[in-house]
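A short write-up of the structure that comes next.
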Amino acid sequence: MALTAGCCIFLCCLRSSLRNCNAQERRVSDTVFLHSSYLVHGLGYGAAVVLLMWQEWPVELKKMSMTRGCLLCIKITMFIFNLIFWLGGCGILGVGVWLAVTQGKFATLSVSFPSLSAASLFMVTGSIIMVVGFIGCLGAVTEHRCLLLTFFVILLIIFLLEMISMALFLTYTEQFHNYAQEDLKKGLQLYNTTGNLGLTNAWDIVQTEFRCCGVKNATDWLESKGSVPHTCCVEHSPACKSNPKLWWEEACYNKVRNWVESNIRSVGIFGICILVVQVFGLIFSMLMYCQVVKAEKYYE
């Protein structure tokens, strides 16, 4: 009984001090203290004290505690998300470097975009993802509003550019294919010339792997170079270049296009996964930004 009386005295003192700290505590219900004896016997002294202290705690401090808890949860989630994002960028960059090293000067089939190669695309994409992921991780750890907002804006710009590019491609699909074929035909004129080893290697690999010849047919080579390269030949023989029966008949552009369309489901799933990851990144960054602002208001 003495311990019970001591707990009640302690709680009364605590209530008095909290009333002095915050005017809102004047409205605390006396019902809590009328039932304190019941709580002590029913829940135990420790549980009763904790429960009554929580009921007596100022509303502002409760909200601050909940805000910090939400912020910590979002902070950990966003850090893990951006760490995975950053590691993915490292992997893509590594693939780009590996392609650049192993393929040497293997570059592109396009004349209009000579630097648009698989290696350069992987390296640029990986670098961008690494930078964005690093900004996100740093913003999550430091809870810096500027970094969080920068991460959100960059990710939003990338997301919008992807949406615009997809919409334009779907709208002007035929125009895109026509332009691509004309650009590839121009590239045939540079085949096996000085300073265009990358383009030469690219055409040799495509025609060998897909067993095709020319952009639309073998006539493209005859119009550009006057003869077909050895990679157009079904059998490598001296008479191949002068015997059309020994050439691959299918067009390279159609073969590559059919290959892409046959794997469109995998490409679509990959694209959707990227978009979902970006959407989650936008949500996490904005949630954390709002929680940081809310926490700063409580501390002021």
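Below, the figures for the structure above:
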read-out	value
Condition met for S237 (farther than 30 Å from V141 by Cβ, modelled with pLDDT of 85 or more and in a loop (DSSP other than H, G, I, E, B))	no
Hits in segment 148-197 - residues which are on the phi > 0 side of the Ramachandran plot and touching a helix residue (DSSP H, G or I) at 6+ places or on another chain (Cβ under 8 Å)	N192
Conditions (1) surrounded by 12 or more Cβ atoms within 10 Å (Cβ to Cβ); (2) more than 15 Å from K216 (Cα to Cα); (3) out of contact with any Pro (no Cβ under 8 Å at 6 or more places or on another chain): number failed by L160	(1)
G94 being surrounded by 14 or more Cβ atoms within 10 Å (Cβ to Cβ) and at pLDDT 85 or above	no
Test: residue in segment 189-209 that is over 24 Å from A100 (Cα atoms) and crowded, with 19+ Cβ neighbours inside 10 Å	no
Check on W86, at pLDDT below 85 and aromatic (F, W, Y)	no
Subset of segment 276-297 [among the aliphatic types (A, V, I, L, M) and surrounded by fewer than 13 Cβ atoms within 10 Å (Cβ to Cβ)]	V276, V279, V293
Residue in segment 262-272 that is assigned to a helix (DSSP H, G or I) and over 23 Å from F159 (Cβ atoms) present	yes
Extreme residue, farthest from N258 (Cα to Cα), among residues of segment 173-211 that are touching a residue at least 40 places away in the same chain (Cβ under 8 Å) and not in a helix (DSSP H, G or I)	L190
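The values are calculated or read from the model by the stated rules, or taken from the named source; none is laboratory data. Source: prediction; values computed, not measured. Quick reminder, even Gly has a Cβ in these numbers, built from the backbone with ideal geometry, and neighbours come from all protein chains shown.
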